[in-house]
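The values are calculated or read from the model by the stated rules, or taken from the named source; none is laboratory data. Model, not experiment: these values are computed from the prediction. Cβ placement follows ideal geometry from the backbone for every residue including glycine, while neighbour counts extend to all protein chains displayed.
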Amino acid sequence: MSFNIEKYRNERRAPRTEQIKVPQLAPYFDDAEPLITVRGLSAAELGRCKEAANRQRDTAAMAAALIGGNSDEKARAIKQLSDGPEIPDDVCQRIEMLALACVEPEIKHSDAVLLSEDCPTEFYQLTNKILQLTGAGRVLGKPNASGKTAKSAQPSPSATPEAE
């Protein structure tokens, strides 16, 4: 049995998505069911998430290096920012993950930070689902959704019968 690379190359692909109920966030859904749709990540996106913690440390190190031994108020303010609370690597990765993989509603990086702080259970629930969808890979062979198809209506009673 050989691998048919041509068939694989020509296959339709769609990201895996799933809607997650987030009842704690219901007050912010304007009379809609509290659902957030997330998708799986590509390998490049997952790599970007894994590098998020390094980027945070690099930014703090650059800020500290820029201010050096300078003692004016601006330097102290920058130093205070760079010495802020250290965010665990796992949380940095998940913040990046949520910002990349939220389909509906779109969640920006700053929103993902807020969710991690305000609703940690929902934050982990969403990012765990993203990891699960990522591990399952894309959906192959599935045609892209074209929207809902309207049901056929009953024939009109005024339609003329076919001639015999």
Extreme residue, farthest from Asp111 (Cα to Cα), among residues of region 1-41 that are basic (Lys, Arg) and in a helix (DSSP H, G or I): Lys7
Unique residue being surrounded by 13 or more Cβ atoms within 10 Å (Cβ to Cβ), among the charged types (D, E, K, R) and either out of contact with any His (no Cβ under 6 Å at 6 or more places or on another chain) or at pLDDT 95 or above (or both) when the list is Lys108, Lys129, Lys142: Lys129
